[in-house]
Amino acid sequence: MKTHFEQDLNDLKARLLTMASQAETAVHQAVDAVVNRSDALVEQARATEAAIDALELEIDETSIHLLAKAPLATDLRLITVTMRISQNLERIGDEACKIAKRARDLNHEAPLKQVAEIPPLSAKALEMLRNSLDCFVHADSEGARALIPRDKEIDALNKQVHQHLALQMAEARDTIGPALNLMVVAKSLERIADHAKNIAEETVFLYEAEDIRHRKKAMTDATTGGL
């Protein structure tokens, strides 16, 4: 029979997964608003982002309450990691809201062919997010480690989109406004992948008790003398 504390921990994790689902929904809504030129989807994304903010506050409040009761180091790590993941999910919601705001502007501008490059970028970012959360749920720290380098693929796609849009602006000055808006959309999707990577790193910390967040930077600094 589960103790009251164990039930509270399970409820906390369930709330985090609800928040993750909402974050994914917000990104879908915002990107669909760009692709389908829909002001209604812009408003839906903004409403979902508000729900994400409310969930983060609930998770923080519950986590602080549980920290005072956590009897084991593993419980402390779980609660701390849950709070960190919720912060990353909240920032994903912020990026979705940013995309929605750009969609609102794009919906009243001439469409660009480069908008077709946004859904594949979004799909890869959201796949990375789902996979990182699956690793968290299934205690798969090895899978989380393997996931982290995939962030570079999304960085490369974002760079490619920016290059194509820069060429578009050079060829037709009247497309500068919508092209800049699409650049912001692509950058937000790249940032969503960054947050997915953060969640994978937190998963490694949770299940291996090793903080790898700044290890690569530390190794680079040691090699270059901090230059």
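The values are calculated or read from the model by the stated rules, or taken from the named source; none is laboratory data. Please read all numbers here as calculations on a predicted model, not as lab measurements. FYI the Cβ positions are ideal-geometry reconstructions off the backbone, even for glycines, and counts take in every protein chain you see.
Worth a mention:
- Total residues in segment 6-44 satisfying the condition of being out of contact with any Pro (no Cβ under 8 Å at 6 or more places or on another chain), part of a helix (DSSP H, G or I), touching a residue at least 24 places away in the same chain (Cβ under 8 Å) and not charged (D, E, K, R): the figure is 18.
- Residues satisfying the stated conditions in segment 138-147, i.e. of a type in the set (A, V, I, L, M, F, W, C), surrounded by fewer than 19 Cβ atoms within 10 Å (Cβ to Cβ) and outside any loop (DSSP other than H, G, I, E, B): ALA146
- Test: residue in segment 37-45 that is surrounded by fewer than 18 Cβ atoms within 10 Å (Cβ to Cβ), under 23 Å from ILE199 (Cβ atoms) and either modelled with pLDDT of 95 or more or small (Gly, Ala, Ser) (or both): no
Here's the yes/no breakdown for (1) outside any helix (DSSP H, G or I); (2) more than 27 Å from LEU78 (Cα to Cα); (3) among the basic types (Lys, Arg):
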{"site": "GLU153", "(1), (2), (3)": "no, yes, no"}
{"site": "ALA156", "(1), (2), (3)": "no, yes, no"}
{"site": "HIS162", "(1), (2), (3)": "no, yes, no"}
{"site": "PRO178", "(1), (2), (3)": "no, yes, no"}
{"site": "ASN181", "(1), (2), (3)": "no, yes, no"}
{"site": "SER188", "(1), (2), (3)": "no, yes, no"}
{"site": "LYS197", "(1), (2), (3)": "no, no, yes"}
{"site": "ALA200", "(1), (2), (3)": "no, no, no"}
{"site": "VAL204", "(1), (2), (3)": "no, no, no"}
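- From the list GLU117, GLU56, GLU49, the lone residue that is in contact (Cβ under 8 Å) with a residue 12 or more places away in the chain, within 28 Å of GLU208 (Cβ to Cβ) and either surrounded by 16 or more Cβ atoms within 10 Å (Cβ to Cβ) or over 14 Å from the mean Cα position of the chain (by Cα) (or both) is GLU56.
- Of the residues making up segment 127-137, one or more are buried (at least 21 other Cβ atoms within 10 Å of the Cβ), within 27 Å of ASN36 (Cα to Cα) and touching a residue at least 60 places away in the same chain (Cβ under 8 Å).
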